[in-house]
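Here is the structure we will look at.
The values are calculated or read from the model by the stated rules, or taken from the named source; none is laboratory data. Model, not experiment: these values are computed from the prediction. Here the Cβ is made from the backbone with ideal geometry for all residues, glycine too, and neighbour counts use every protein chain on show.
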Amino acid sequence: MPESGIPRLARNKVTAFGALVAVITLMAIILMMVADALSEKSNPYFGIVLYMILPAALIFGLLLIPLGMCMTWRRRRRIHVDETTGWPVVDLNRSDHRNAMLVFLMGTIVFLLLSSFGVYKAYHYSESVEFCGRLCHTVMQPQYTAYQQSPHARVSCTACHVGYGADWYAKSKLSGAYQVYATLTDKFPRPIPTPIENLRPARETCEQCHWPEKHYGGRLREFTHRRYDETNTSWYLEMLIKTSGDESEGLHASGIHWHINKEVLVEYAARDEKRQDIPWVRYTNRRTSEVVIYQDTEAPLSEESLATSEMRRMDCLDCHNRPSHIFHSPDFLVDQLLLTGRVSTALPEFKSVAVSVMASDYDSAEEAHEAIAAELRSHYSSEYPKLLVAHSGEVENAIAGVRDAFSLNFFPSMKARWSVYPNNIGHLTDIGCMRCHAGFHQAEGGRTITHKCNACHLILAQGPEGEIERAESREGMEFRHPEDIDKAWLEMGCYECHDGTQP
């Protein structure tokens with residue numbers, strides 16, 4: 001070994017460059033880890049640099065060191081500079097060889113320890129909500145924003161989208177690799193489609209927290225709807241949702257969660273990718289072995305189509321298809337603004353104006369915010385000039401409220417809004433339950449899938465403020481439409497008129 005202490009084979013540009021890269025990268029990793037530990041705020045790009053890019057650069061630099069030495073050795077052999085053409089010999093009887101070996105072993109141990117820590121941190125960072133939601137800010141902004149307002153805001157993305165197990169983790173990373181490519185090359189669709197074909201069965205994700213065997217009784221829900229009139233008149237509806245019914249004949253013998261009763265199996269074939277058109281349903285009673293097949297009499301599925309259709313076992317996600325990424329309609333959002341007191345109910349015609357301006361198409365959020373302010377100010381200045389003068393603060397507060405609601409539910413750049421993401425809970429603005437319960441699915445012999453309203457819910461009270469009627473029996477009461485449409489509501493689905501923007 002020469003006096004400089006640097007092995008002869010290490011005296012080359014490739015090795016020197018690799019050592020320089022490794023040293024600089026290691027120093028950067030240490031400094032950034034200290035900064036990360038001391039920082040109170042997180043940054044998604046900081047994490048990807050610290051746990052993914054810099055470690056890769058460090059390994060690249062370390063690999064260059066032996067690569068350069070090997071290249072030098074081969075070159076010297078080729079031109080016969082060395083007397084020996086064999087591999088270098090390590091002689092532990094020599095103190096310099098022992099010291100070099102000790103340094104190599106200690107460095108290897110330290111490197112493996114740091115690598116283990118880095119791999120652990122990289123794994124957890126790649127599984128974090130921050131990584132999923134904030135790294136690809138423009139692409140995932142709608143889903144991330146909606147997720148933060150949802151009932152599952154404290155559940156990590158991977159708990160639902162990946163779940164436990166190494167196989168699904170590997171599948172998610174392979175899928176993620178293409179998603180990164182699509183993002184970098186701007187080849188992703190707008191809006192981002194719901195990946196229903198790649199989701200795990202609900203029993204492997206949802207049921208890790210939600211215990212199907214412990215769904216008992218019903219759930220009381222109250223709805224306060226505002227009408228599209230001058231005074232924003234309220235219409236109250238109190239409903240008992242029959243989540244689960246009588247347990248005497250087995251788990252979930254009746255009620256909505258009957259569909260996941262372990263004693264029955266419900267399978268279906270959908271005609272479309274979003275599973276909103278379901279013409280064929282098969283019911284199997286596992287206790288009695290009874291099998292009943294229902295076909296949509298209005299538009300049955302042909303034998304050829306059935307043979308090529310995906311047969312899906314019904315589970316939680318067929319109804320709870322938007323448990324976290326919920327995009328609310330303008331009608332719902334304005335009702336919430338008035339119900340919570342964010343906007344004064346004294347502003348005349350507020351609901352009709354606010355819903356109309358929110359439902360319009362915009363190219364950007366900035367354009368939408370300008371339009372919201374301009375439309376509301378213009379309406380009250382032309383129709384209620386005295387009110388605008390006397391209550392200008394309430395009008396400005398209403399503008400701020402509508403803007404906030406828009407920002408949390410509408411994303412023009414990604415074309416994401418309630419109308420492109422149907423919600424299968426209920427049947428007010430989307431077909432939802434009526435995919436199967438519209439009264440058109442019939443089996444041989446005339447047996448149909450129930451279309452009775454009280455199979456899933458009972459109306460306990462309804463009516464305008466000050467004139468609310470209440471049920472006098474456990475059977476509830478017949479639905480009363482806020483507008484006088486006679487019995488039309490019995491002959492058609494709510495969603496056929498109510499699309500989230502109409503009175």
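Listing for the model above:
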read-out	value
Some residue of the stretch 437-457 being farther than 30 Å from Leu301 by Cβ, assigned by TED's automatic domain parsing to the domain that holds Gln276, surrounded by fewer than 16 Cβ atoms within 10 Å (Cβ to Cβ) and in contact with a Lys or Arg (Cβ under 9 Å, 6 or more places away or on another chain)	no
Flag if Leu20 is buried (at least 16 other Cβ atoms within 10 Å of the Cβ), of a type in the set (A, V, I, L, M, F, W, C), out of contact with any Gly (no Cβ under 7 Å at 6 or more places or on another chain) and assigned to a helix (DSSP H, G or I)	no
Ile485, sole failed condition from (1) under 18 Å from Leu333 (Cα atoms); (2) loosely packed, with under 13 Cβ neighbours inside 10 Å	(1)
Unmet requirement for Gln148, which otherwise passes all of (1) at pLDDT below 75; (2) under 30 Å from Asp404 (Cβ atoms)	(1)
Test set (1) part of a loop (DSSP other than H, G, I, E, B); (2) under 24 Å from the mean Cα position of the chain (by Cα) - Arg312 fails condition number	(1)
Output for the stretch 317-332, where each listed residue is of a type in the set (A, V, I, L, M) and either buried (at least 24 other Cβ atoms within 10 Å of the Cβ) or farther than 29 Å from Val353 by Cα (or both)	Leu317
Verdict on Thr183 being touching a His at 6+ places or on another chain (Cβ under 9 Å) and farther than 18 Å from Ser128 by Cα	no
Number of the condition not met by Pro44 [criteria: (1) over 30 Å from Cys132 (Cα atoms); (2) at pLDDT below 75; (3) in contact with a His (Cβ under 9 Å, 6 or more places away or on another chain)]	(1)
Among residues of the stretch 142-167, those that are buried (at least 17 other Cβ atoms within 10 Å of the Cβ) and assigned to a helix (DSSP H, G or I), counted	10
Qualifying residue in the stretch 288-298 (condition: hydrophobic (A, V, I, L, M, F, W, C), without any contact (Cβ under 8 Å) to a residue 60 or more places away in the chain and farther than 30 Å from Thr224 by Cβ)	yes
Residue check for Asp363: acidic (Asp, Glu), buried (at least 19 other Cβ atoms within 10 Å of the Cβ) and not in a helix (DSSP H, G or I)	no
Breaking point among (1) touching a residue at least 12 places away in the same chain (Cβ under 8 Å); (2) within 35 Å of the chain's Cα centre (by Cα); (3) part of a loop (DSSP other than H, G, I, E, B), for Ser419	(3)
Test: residue in the stretch 369-378 that is small (Gly, Ala, Ser), modelled with pLDDT of 95 or more and buried (at least 16 other Cβ atoms within 10 Å of the Cβ)	yes
Neighbours by Cβ (under 8 Å, 6+ apart or cross-chain): first from the stretch 464-482, of a type outside the set (Lys, Arg); second surrounded by 10 or more Cβ atoms within 10 Å (Cβ to Cβ) and part of a loop (DSSP other than H, G, I, E, B)	Pro464/Thr233; Pro464/Pro482; Glu465/Thr233; Glu469/Arg480; Met477/Ala471; Pro482/Arg227
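Conditions tested, residue by residue: (1) under 21 Å from the mean Cα position of the chain (by Cα); (2) under 30 Å from Arg474 (Cβ atoms); (3) of a type in the set (A, V, I, L, M, F, W, C).
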| residue | (1), (2), (3) |
| --- | --- |
| Ser150 | yes, no, no |
| Cys160 | yes, no, yes |
| Tyr181 | yes, no, no |
| Phe188 | yes, no, yes |
| Glu197 | yes, no, no |
| Pro201 | yes, no, no |
| Thr231 | no, no, no |
| Ile241 | no, yes, yes |
